[in-house]
Structures are given as C-alpha cells and as structure tokens.
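Read the structure below first, then the notes.
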Amino acid sequence: MGRSVSGGVRPGIIVDIEHRLLKQLIVGKQKTTASMFDELDRELEGDANKLAIERDAIFERLSKQIQARQVFEAVSAQLISTVNSTLDNQLASPEKLLAQSGLNQSQMLMLEVLHQQNLDINRLRLIINDLPWLCRDLSNIVNSPSFRQKRQQRSDVKVTDLKLVLNFIGIENLRQVIPYFCLRNWLPTANANLLWTTRKLWRYSMLTGIAAKALAQLNEQDVAFAYSCSLLYQLGTSVVLKNGAKVFETVWGNWLREASASRDKELYDAVLATEFPADNIYQQALQHAHKLNWQLPSLLDFTASPLTQVQIELDTHLSYSELSSYAALVARANCFAKVMMLEEMRLITPKEKHLMFDYYELSEQELLRLKGQNYRKLDLL
C-alpha cells in the first residue's frame, strides 16, 4: 500500500467510511447482544420490541388501505417536520443543550483534577460529593460481591462513606472508572426508540477507549488522559441523540394524546406508527456532534483544558498530520474501533481497511498491540 493518503487532508473515501459507521450506529437496524453494552437498562428491550411489533402491525394494515396510508404519510411528515424544526433551533444554540447534556462544571473539574500528577483525593471527594449518580455508581462497585471478595470484608458489611469508597477503589483505578461512568451518564439511556442505537454507541465507545489505552501504553503516554479524551469524543453524538429522542417523544406523545382525545382512529394510528426519524438525527449528528465535543466544555469555562483542546483539534484540523500527540492517538484509536465495528457488520472491504490504517498511520507494532486486546470486557479495576 502506497503512502500517498497518509496524514494529509482526509480523502473522500476516508470520510465516506467514517460516515458509514455513524450511519449504521444511528440508522442501522442491527441489534447487539446485551453483553456488548454492559449494565445499561435491559428493561427497555421489552418496550422497544413491543413498540416495533405494534408499528409493524399498523403498517401492514395501512398498506391495504390506500386512503389510510395517505393520511399516515401526511401526518407522519408533519410530525417529523415539527420534530426537526424544534431540534434545529436547539442545536443552533449549544447553550440550550447544556442543561440536558449531562455535563456540568463539576464533571469537567473532576476530569481535570483526575489527571493532575499529584492528585488531591480530598479535593476529588468534595467534587464527587456534588454528583449523586456518581456517588451511587462508585459505591455499587465497592459493595459488589466480586469487589467485597477482593477487600476481604464480610458480605453483609456495606460501605457508604464516600471517603472509604474512594480509598478502596484507589487513585489509579478512579482515573479509569470515573470517565467510564461519566460516559454512561451522557448516553441517551431509558429511551425505547434509541435502545439499539445506545447499545451500539456504547460498544463503539468501549472499543475506542480500550484501543486508546493500548496505544498510550505502547507509546508511553498518559493512559488515563488518553482514555478520558477518547470517551469525551462521544459526548456530542450522545447529546444530539439524547435531545433528538426527547424532542421526538414530547411531540409524538402530545400528538398521540390529542389524536386519542379526538377519537380519530386513522389519525391515532398514523401518529402511533410514526417512527423515530433516525435518518434526520444522523444528519444532525454529522453536522453538530464534533463541535459539541468542545463547545459544551467551553460554555463551562473549560476552553483551556487539555481535554477540551484535544476535542478542538479533532474537530477543526483538516488533516491527521496536524494533530498533537494525544489528539493523534485518539484519532488512531477511533480509526481502529471504526474498522473493527464495520468488519463485524461486514460493511468494509480489505482495501478500505488498509486505506484507513494507512491514512491514520497506524504502525505494524500498534496494529499488533491493538489486535491483541480483549474488546469484550473493559477491565476497570
């Protein structure tokens, strides 16, 4: 393979391959197994399958009734148009997204403090104390059966004091565990319309994180910082999906209640059968996701943060060769994760795979190290 595509402005074929994965994550109908998304809400699966069966039944009936089908197409188009215009207004103003993004100043400060050379555990504890969901997640780790065996405590003794929880986990483990839980907090969970999308995005995120850690270890770079940067890279996509789902559910729910109140069976069926506009959300993600990765931290006054600066580079630099060492590492980790997922989906050719590795300048040694990782389980502790 020649080196003509290496590092310069991304060729169209590279852009197409990368967009292909994002489209499959958001629009693709493939389902993933529960093991791929760790502990994300499994109860939604029944709701998602029930909704899909109900919509399929309505579609089958509508296909036999020309007039009803016309009503469905008109109502569905109008509903989706309302969703798109509302979401357009939100995405045009990142300030409106910040409150719903799951990101706040405490999280950004915490992520910064985590990567300080002389980490002040007491300062970290004060920040974590302001994040109840994180206190809960960290306590659950320490009180899990497997962790209790490691600390050789009686199974009926539950640790609730945050200081003890953090001491049990340890500083080096916290540097991996905390970004992991931050990503879970950003993801659009508890939404039946995005069940499979969230699972696929979670899988992609974990692949990228594992690859970033492996590359950092090999190149003697800060493993925890590289890992955090790789997970922060998923923030924008998560926010677009989360807000798209929220807008759709609000509009769809209001229309469904109005149709029910009107006792218009055709109108009610048309609204019920309207699917989440995944294609439109995919286009929104293409346009806004990478910008949001740094715009949202910047709105919290963290523009100068090294974490934010990596995201700015990944969005604004036109070629791989312009990236700093950590931004380049995240780009290589993302490249490998994208190729791996596309291979699983059988949506990439061997030639395209080599083009991706060539452009992002993945060395033979790096590829050997990456191929030797266990991508089915992320060892946090």
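The values are calculated or read from the model by the stated rules, or taken from the named source; none is laboratory data. Since we're looking at a predicted model, the values are computed, not measured. With ideal geometry, Cβ positions are generated from the backbone for all residues, glycine too; neighbour counts draw on all protein chains shown. Accessible surface is based on the protein model in full, side chains and every heavy atom, while ligands, DNA and RNA are left aside. Shrake-Rupley method; radii C 1.70, N 1.55, O 1.52, S 1.80 Å.
Structure above, values below:
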{"item": "Farthest positive-ward along the chain dipole, Cα basis, beta-carbon charges - from Y233, Y282, F336", "result": "F336"}
{"item": "Gaussian network model of the chain, springs between alpha carbon atoms under 10 Å - residue of L174, L162, L368 with greatest fluctuation", "result": "L368"}
{"item": "Accessible surface, per residue, of region 123-189 when the full set of protein chains is kept, probe 1.4 Å, Å²", "result": "51 Å²"}
{"item": "Pairs of Cα atoms farther than 20 Å apart, region 49-140, %", "result": "65 percent"}
{"item": "Of all accessible heavy-atom area on region 162-269, the percent that carbon and sulfur account for (1.4 Å)", "result": "48 percent"}
{"item": "Per-bin percent of Cα-Cα distances, region 73-225 [10 Å]", "result": "9, 28, 33, 19, 8, 4, 0"}
{"item": "C-alpha center-to-center spacing [region 238-253, region 94-118] in angstrom", "result": "22 Å"}
{"item": "The chain: most fluctuating residue of T160, T308, T274 per GNM, C-alpha cutoff 10 Å", "result": "T160"}
{"item": "Share of alpha-carbon pairs per 10 Å distance bin for the chain, given as whole %", "result": "5, 21, 30, 24, 14, 6, 1"}
{"item": "Violating pairs (Cα-Cα greater than 29 angstrom) within the set K23/K353; K150/K200; K242/K353; K50/K291; K242/K377; K200/K246", "result": "K150/K200; K242/K353; K50/K291"}
{"item": "Heavy-atom accessible area per residue - region 312-381, 1.4 Å, Å²", "result": "50 Å²"}
{"item": "Most mobile of L87, L267, L97 in a GNM of the chain (Cα contacts under 10 Å)", "result": "L267"}
{"item": "Degrees separating the helix 278-299 axis from the principal Cα axis of the chain, which is the longest one", "result": "40 degrees"}
{"item": "Set of aspartates and glutamates with alpha-carbon distance to K371 below 15 Å, sequence-local pairs under 8 removed", "result": "E343, E344"}
{"item": "Gyration tensor (alpha-carbon) shape descriptor, region 114-199, a/c threshold 1.5", "result": "oblate"}
{"item": "The chain: calculated mean residue ellipticity at 222 nm from DSSP helix runs of at least 4, using -39500 (n - 2.57)", "result": "-23000 deg cm²/dmol"}
{"item": "Residues S363 and F147, FRET efficiency given R0 of 25 Å [Cβ-Cβ distance, rounded to 0.05]", "result": "0.10"}
{"item": "Relative contact order of the chain, defined on C-alpha pairs under 8 angstrom at six or more residues apart (%)", "result": "30 percent"}
